[in-house]
Amino acid sequence: MKKQKIHCVVVDQDVEMTASLDAALRRSDVFLELKQVASVQQLIPVLQELQPHLLFCPHDKSKPSVELLEMLQRYSPDTVLVWISRAEWQSLTTWLLGVESCTLPLNDADYFSQYIDFLLHYSAIKQDFRDCKHLLGVSELRCHWLVDYSWEAIAYISEGMHLYANSAYVSLFGFENMAEVRSMPVASLAEQTERKIFEAMSKVADASSKPSNRLLLTLRTLDGERMRAEIRFIPAVLKSRRCVQLHVRPLERNILKGVSLRKQDNPWETMEQHLQDTPPTLPVSPPVAPSTSVPTQSTPPKMTKTVMPSPINGMEMRFQKFQRLDEMMPNLYMAAPEFRQKDQLLDYSTLLKQLVTPTSRFRLDYWNLGQVVLKLSSQKSEKPDYLVFVSVGGAILNNEENLKRIIELLNAFPNTTRRIVLALQYRDCMEQMVHLGNVIKLFKAVKVRLAIDGVPDEPSVLRFMQVVKPVLVRLNAVKPERLPVWIAQLTESQCKIIISGIQDNAALNAAYSSGAAYVHDGAIT
């Protein structure tokens, strides 16, 4: 790869600092360019023009550093901020806004020179990484175009679900639109007797970095037509997300007509359309009485003119209790909507899987939070002995209007917010990191607690938790032997842990001995 030039900018307000820095930079073998500015106020046009790799600035305790960090985050987020001090030292740290900074001491000339050399090489590596990431994005886009125009049936899949499919794939299986593709589990397209083989290969492909061997299977279209086909799994990337391409080559069709795979009279379909089409705030109505073991007051207070989500026929909000392991923690319940019509009952996780648009997910979450607020506002206890865990989708992170509605709802009932824990998905936070800081500030302003849901066992999580500092963390699937170490590391960040998805006695015993605060059965929603 072409050797990169490292752009350095120095705020020249200290003669000794500038001289020491100039000497250290000249001793390096890195190809660099140095530019000096007289003050911080002159930085903005330089940052916009150069996007420098390193910014050197005299360290002054009396001046706040947050403003400079925010300036870098806005105009040049990849720039590393280097404070030059007389004797203080701080290692390279990543802040919430994504800007890296460190503090170097001038009193140790050898160390100062070595660290400057390290920063120059580190910046060169970062530049190479950004270039590789850009080239990967170009390659991903080109691959996506080739898939779209291919005559072969190809779909992008991940964790057993469709992410995207080309026209040949949609036509082959008889899908009506892309929403129907995304709502269909991939394994449902395989013949029942061969489904375990398909699922096993799909799981291996999710973790593998090599294309799979070809496999002959019997697949079914949505109308029930059976066909013999050759399939293959190939590692891929879609919108910066690691996934798998499923290639399907039909060999023999019209074997036998089977049962249609199309949804049969699903009562939730009408209700989901209702959630998508109905405005999320309507005149206040009496709350739907949830079935719960949580103690309630018999006489609710008088309702004001605050706007609230309207009742939905067949929808109820249930409280599911977390099992408390730490006696110092309050009782915790999860608000989980259920939809019932006649003899059919769809729980919260099933509802979420069948939602096909962010709009309908937000309206379901908004309805759920509205029922929780009504429930808690009808109780007069000044010191509640329990909290309510409410999941909200990523729509509030990148949609200001949705976030505004959530905050307005919480502001209307300030006495209830202390008892609510709003849970954001970890993957949503990472995808929308630029908006996360503002959401956290608003949560603090309305005195609602923050939880992070679906946290994986990854090293990068620890730094995220140290910066965000959520009240509760719900873990994704973690191996029992890893639980004690992983929870101990998270506890250092002052996070209380919820372990979800306990499936056997070994996992339960590991949870009890791990130092977690709560245990919750079932899968993460």
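For this structure, a couple of remarks:
- Any chance residue 466 is more than 15 Å from the chain's Cα centre (by Cα), under 22 Å from residue 499 (Cα atoms) and among the polar types (S, T, N, Q): yes
- Leading residue by the ranking (nearest to the chain's Cα centre (by Cα)) among those in the stretch 42-67 that are over 23 Å from residue 19 (Cα atoms) and of a type outside the set (S, T, N, Q): 66
Matching residues to (1) in contact with a Phe, Trp or Tyr (Cβ under 6 Å, 6 or more places away or on another chain); (2) within 18 Å of residue 14 (Cβ to Cβ); (3) among the charged types (D, E, K, R):
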{"position": "60", "(1), (2), (3)": "no, yes, yes"}
{"position": "65", "(1), (2), (3)": "no, yes, no"}
{"position": "86", "(1), (2), (3)": "no, yes, yes"}
{"position": "92", "(1), (2), (3)": "no, no, no"}
{"position": "95", "(1), (2), (3)": "no, no, no"}
{"position": "107", "(1), (2), (3)": "no, yes, no"}
{"position": "112", "(1), (2), (3)": "no, yes, no"}
{"position": "123", "(1), (2), (3)": "no, no, no"}
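- Residue count for the stretch 159-197 under the criterion of being free of Cβ contacts under 8 Å to residues at least 60 places away in the same chain and closer than 21 Å to residue 237 by Cα: the result is 13.
- Complete set of residues in the stretch 132-148 that are among the aliphatic types (A, V, I, L, M) and open to solvent by less than 60 Å² (accessible area, probe 1.4 Å): 147
- Filter result (among the acidic types (Asp, Glu) and modelled with pLDDT under 75) within the stretch 343-369: 343
- Scope the stretch 28-58; condition at negative phi and in contact (Cβ under 8 Å) with a residue 40 or more places away in the chain; matching residues: 28, 30, 32, 50, 52, 53, 54, 55, 56, 57, 58
- Here residue 117 fulfils each of the conditions (1) without any contact (Cβ under 8 Å) to a residue 24 or more places away in the chain; (2) in a helix (DSSP H, G or I) apart from (1).
- Selection within the stretch 1-48 - hydroxyl-bearing (Ser, Thr, Tyr) and exposed (fewer than 12 other Cβ atoms within 10 Å of the Cβ): 39
- The stretch 25-58, subset in contact with a Lys or Arg (Cβ under 8 Å, 6 or more places away or on another chain) and either in a loop (DSSP other than H, G, I, E, B) or among the aromatic types (Phe, Trp, Tyr) (or both), residue farthest from residue 437 (Cα to Cα): 31
- Taking (1) among the small types (Gly, Ala, Ser); (2) open to solvent by 20 Å² or more (accessible area, probe 1.4 Å); (3) touching a residue at least 40 places away in the same chain (Cβ under 8 Å) in turn, residue 423 satisfies each apart from (2).
- Filtering the stretch 206-216 for residues that are surrounded by 15 or more Cβ atoms within 10 Å (Cβ to Cβ) and of a type in the set (A, V, I, L, M) leaves an empty set.
- Of all residues making up the stretch 443-465, the number that are in a helix (DSSP H, G or I) and surrounded by 16 or more Cβ atoms within 10 Å (Cβ to Cβ): 4
- Here the stretch 2-26 is the region considered, the condition is being touching a helix residue (DSSP H, G or I) at 6+ places or on another chain (Cβ under 6 Å) and more than 19 Å from residue 75 (Cβ to Cβ), and the residue that is modelled with the highest pLDDT is 24.
- Qualifying residue in the stretch 52-66 (condition: within 21 Å of residue 118 (Cα to Cα) and surrounded by fewer than 16 Cβ atoms within 10 Å (Cβ to Cβ)): no
- Here 410, 369, 374 are screened, and the one residue that is over 17 Å from residue 447 (Cβ atoms) and part of a helix (DSSP H, G or I) is 374.
- Counting residues in the stretch 80-95 that are closer than 21 Å to residue 50 by Cα, open to solvent by 40 Å² or more (accessible area, probe 1.4 Å) and either among the small types (Gly, Ala, Ser) or free of Cβ contacts under 8 Å to residues at least 60 places away in the same chain (or both) gives zero.
- In the stretch 107-131, the qualifying residues are those that are at pLDDT below 85 and among the hydrophobic types (A, V, I, L, M, F, W, C), and the one that is most open to solvent (accessible area, probe 1.4 Å) is 109.
- Checking each residue in the stretch 222-236 for being open to solvent by 50 Å² or more (accessible area, probe 1.4 Å) and within 31 Å of the chain's Cα centre (by Cα) picks out only 232.
- Cβ-Cβ under 9 Å pairs, at least 6 apart or on other chains, the stretch 320-336 side of a type in the set (Asp, Glu), far side modelled with pLDDT of 85 or more and open to solvent by 40 Å² or more (accessible area, probe 1.4 Å): 326/496
The values are calculated or read from the model by the stated rules, or taken from the named source; none is laboratory data. Just so we're clear, the structure is a prediction, and the values are computed from it rather than from any experiment. In this analysis, Cβ positions are derived from the backbone assuming ideal geometry, glycine residues included, and neighbour counts consider all displayed protein chains. Just the protein is used for accessible areas: all its heavy atoms, side chains included, with ligands, DNA and RNA removed. Shrake-Rupley method; radii C 1.70, N 1.55, O 1.52, S 1.80 Å.
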